[in-house]
Amino acid sequence: MSTLAWARASATCLNFNCLLILLPVSRNLVSFLRGTSFCCGGVLRRQLDKSVTFHKTIAYGVAVNATIHIIAHLINIERYHLSQSKQAGELSSKLSGIGKSPNESYLNPIRNYDMLIRGQTPQSLLLHNVTYCKDHYSEWETSGQCPLPQFSGNDPVAWKWVLCPVILYICERIIRLWRFQQEVVITKVVSHSSGVLELHMKKRGFKMEAGQYIFLQCPAISQMEWHPFTLTSAPEDDFFSVHIRSVGDWTEALFSAFGAEEKTFKEPWKLPRLAVDGPFGAAATDAFQYQISVCIAAGIGATPFASILKSIWYKCCNLSTGLRLEKVYFYWICRDPSAFEWFADLLCLLEAQMAEKGKAHFLSYHIFLTGWDESQATHIALHYDEKLDVITGLKQKTFYGRPNWDTEFKHIAENHPSNNIGVFFCGPKSLSQTLRKKCSWYSSADPRGVQFYYNKESF
C-alpha cells in the first residue's frame with residue numbers, strides 16, 4: 001500500500017484534530033453553550049461536561065496521526081533514494097529525475113510508473129498517455145506521443161483549519177486578561193481547623209449560578225498560575241466565596257500569604273491581591289433540572305453542593321421562586337472528622353429551615369466517616385444515644401464506614417420508580433467509575449421506568 005496515501009490521510013486527520021483541540025478548553029464558549037436553548041437537553045449538556053476528556057482524546061489523536069505522518073514520509077524518502085540506485089531499473093531512475101530542473105514543478109517522491117498520475121495537472125493528464133509510456137519507456141523524452149508530464153502541488157491549507165480556533169482561543173486569553181485587571185475585594189477570611197481557608201469576595205458585575213466554579217490567581221505567588229475552585233456561596237448571596245484546602249505548593253503559599261497558618265490575619269489593605277476568571281458552568285448546575293437529585297461528595301468535593309444547598313434554602317424561604325426540584329439525597333464521605341466543621345453549620349441551618357417550612361422530607365442527607373482513632377471511637381460510643389450527632393451536631397446520625405451503593409441505589413429506585421434522577425458526583429476517579437456503573441445497572445430497561453443520569457465534576 002502507498003505510504004503517500006498514509007501520509008496524506010494522517011495529515012488531513014491532523015488538520016481536523018488541530019481544528020478541534022482548542023475548542024474544549026475554551027471555557028467561556030463551553031459555558032455559553034451550556035446556557036443556550038440549543039443545549040438545554042440533558043444529553044448535550046452532559047457531553048459538554050466531558051470537554052476536558054474530549055480535549056485529551058484529541059491530543060492522543062494528534063500524537064498518533066503525527067507519528068503516522070512522520071513515518072510515512074520517512075518511508076517515502078527511503079523509496080526516493082532507492083529509486084535513484086542502479087538496482088531500481090531504468091524506468092524508476094528516469095522517473096526519479098523528474099522535478100529536479102529549476103523550471104520543473106515538484107514531484108512527490110513516489111516515483112514508480114503505476115503512481116505517476118498522482119499530482120499531475122489536468123492539462124498534463126489530457127496529453128499524457130500513461131499506458132503508452134509504460135510500454136515505451138525506453139523512448140522517453142524522444143517520442144512526440146509521450147510528452148513529459150507536468151505536476152503541481154497543493155497550496156498550504158493547514159492554516160485554514162487552525163485559524164478560527166486560534167482566534168477563538170486568543171479571545172479567551174483576552175477575556176482572561178480583562179478579568180485579571182478587574183478589582184476583587186476580599187471581604188472576609190476564615191481559617192478552619194481542618195486546613196481549609198474560606199474567602200469571601202466581591203467583584204463588580206459578577207453573576208453566578210449554583211454549582212459553578214472560578215479560576216483564582218494570586219500574583220504575589222505566581223504571575224502565571226491559575227487554579228480552579230468551586231464556588232460555595234449561593235447566587236442569592238451578596239458575595240461569592242470559595243473554600244480552599246491546603247494541599248500542594250500553591251495552596252500552602254496562599255495560606256501563608258493570608259496568615260492562615262499562624263492564625264494572624266492581616267488587615268484588609270495588607271491582604272495579597274487576587275484575580276478571578278469566571279464563573280464557568282459545571283455539571284452540578286444541572287441539579288435543579290431534575291425532580292430528584294442525588295448529590296455525592298468525597299472530602300473537599302462537598303464544595304459545589306454547598307452552593308446548591310444554600311440556593312435551595314433561599315428558594316424555600318422565597319415561596320414565589322419556582323423550584324422544580326422535589327427531593328435531594330445528599331451523601332458525603334469523609335475521612336477526617338474535623339472536615340465536617342465548616343459544612344456542618346450549613347446543614348444544621350438547612351435542617352432547621354426545612355423542618356420549619358414543613359419540608360423535612362425534602363432533604364435526605366447521609367454522612368459517612370471513614371477514618372477515626374480509638375479515642376474518637378470511644379467518644380462516639382459514649383454519646384451515640386444523644387439526640388444530636390456528636391460529630392456534626394445534626395439530628396441525622398453519622399454512619400461509620402463506606403456506603404453500600406447497591407443498597408442506596410436500590411432504595412432510591414424503589415422510592416421513585418418512574419422518575420428521571422440526576423446523580424452528581426465530585427471526588428476521586430475510582431469512586432466515579434463505581435457510581436457510573438451503578439447508574440447504568442439500576443436504570444430501568446423500560447423508558448417509562450426509573451432512569452439514573454450520571455454527572456461528574458470536571459475542571
Can you name the helices (runs of 4 or more DSSP H) wholly within the range 1-52 that have at least 1 residues being at pLDDT 85 or above and open to solvent by 50 Å² or more (accessible area, probe 1.4 Å)? 3-20, 27-35
Scan of the range 235-254 for residues that are closer than 21 Å to D49 by Cβ and not in a strand (DSSP E or B), ordered by number: P235
Exactly one condition in (1) farther than 17 Å from V328 by Cα; (2) open to solvent by 30 Å² or more (accessible area, probe 1.4 Å); (3) not basic (K, R) is false for N415; which is it? (1)
Across the range 177-215, which residue is surrounded by the fewest Cβ atoms within 10 Å (Cβ to Cβ) among those that are under 18 Å from H227 (Cα atoms) and of a type in the set (S, T, N, Q)? Q181
Would you confirm, using the coordinates I've provided, whether G422 is in contact (Cβ under 8 Å) with a residue 40 or more places away in the chain, closer than 30 Å to I214 by Cα and open to solvent by less than 20 Å² (accessible area, probe 1.4 Å)? yes
Consider only pairs whose beta carbons are under 7 Å apart and that are at least six residues apart or on different chains; among these, list those whose first residue lies in the range 1-13 and is in contact (Cβ under 8 Å) with a residue 40 or more places away in the chain and whose second residue is of a type in the set (S, T, N, Q) and surrounded by 14 or more Cβ atoms within 10 Å (Cβ to Cβ). T3/N76; L4/N76; L4/N108; A7/N76; S10/N65; C13/N65
I'm trying to understand the selection: among the residues of the range 188-221, which are of a type in the set (S, T, N, Q), modelled with pLDDT under 90 and under 21 Å from A260 (Cα atoms)? S191, S193, S194
Looking at A253 and the list (1) among the hydrophobic types (A, V, I, L, M, F, W, C); (2) open to solvent by 20 Å² or more (accessible area, probe 1.4 Å); (3) at pLDDT below 85, which single condition is not satisfied? (3)
If D286 meets every condition in (1) assigned to a strand (DSSP E or B); (2) under 27 Å from N28 (Cα atoms) apart from one, which number is that one? (1)
Those residues of the range 425-454 which are in contact with a strand residue (DSSP E or B) (Cβ under 9 Å, 6 or more places away or on another chain), open to solvent by 80 Å² or more (accessible area, probe 1.4 Å) and of a type in the set (S, T, N, Q), in sequence order: S440
Does A260 meet the test of being touching a Ser or Thr at 6+ places or on another chain (Cβ under 6 Å), closer than 19 Å to V30 by Cα, of a type in the set (A, V, I, L, M) and crowded, with 17+ Cβ neighbours inside 10 Å? no
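The values are calculated or read from the model by the stated rules, or taken from the named source; none is laboratory data. This structure is a prediction, so every number in the text was calculated from the model and none was measured. Cβ: placed from backbone, ideal geometry, glycine included. Neighbour counts: every protein chain shown. Heads up: the accessible areas ignore ligands, DNA and RNA and are worked out on the full protein's heavy atoms, side chains in. Shrake-Rupley method; radii C 1.70, N 1.55, O 1.52, S 1.80 Å.
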